[in-house]
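Structure first, then comments.
The values are calculated or read from the model by the stated rules, or taken from the named source; none is laboratory data. Because the structure is a prediction, the values reported are computed rather than measured. When we count neighbours, we look across all protein chains shown, and the Cβ atoms used for this are built from the backbone with ideal geometry, even at glycine.
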Amino acid sequence: MPVKMKIKKDDQVVILAGKDKGKTGKVLSVMPTKGKVVVAGVNEVKKHQKATQTQAPGIVTKNLPIDASNVALIDPKDNKATRVGFKVLGDGKKVRISKRSGEAV
């Protein structure tokens with residue numbers, strides 16, 4: 001069942017738990033059906049790649065998904081972790097806001 005994701009692609013996030021706790025990075029992809037996100041430079045593994053018609057053989061570094069509950073959006077005002085809320089503007093447009101500073105994300 002899909003989970004309502006408050007984190008979107010290209011957001012800057014900080015890791016809250018796990019071996020990469022405290023690291024920051026850009027969200028590369030979001031998987032709402034699994035409740036996971038892929039963040040650049042986080043949860044990296046080395047994989048031994050066999051040669052195919054399109055890829056050369058060798059050791060490849062991949063970013064694996066981590067649970068969305070273990071990441072938090074970075075507040076644009078003070079670069080600290082914040083929760084995400086929603087607000088409807090006067091023109092009827094729904095925007096994400098930072099709970100920490102109240103600014104639109």
*Yes/no for residue 71 being under 13 Å from the mean Cα position of the chain (by Cα) and modelled with pLDDT of 90 or more*: yes
*Can we say residue 95 is modelled with pLDDT of 90 or more, surrounded by 10 or more Cβ atoms within 10 Å (Cβ to Cβ) and touching a Phe, Trp or Tyr at 6+ places or on another chain (Cβ under 9 Å)?*
yes
*How many residues, within region 63-75, are surrounded by 14 or more Cβ atoms within 10 Å (Cβ to Cβ) and either aliphatic (A, V, I, L, M) or over 20 Å from residue 31 (Cβ atoms) (or both)?*
7
*May I ask you to say which residue of 10, 20 is surrounded by 15 or more Cβ atoms within 10 Å (Cβ to Cβ), touching a residue at least 12 places away in the same chain (Cβ under 8 Å) and in a loop (DSSP other than H, G, I, E, B)?*
20
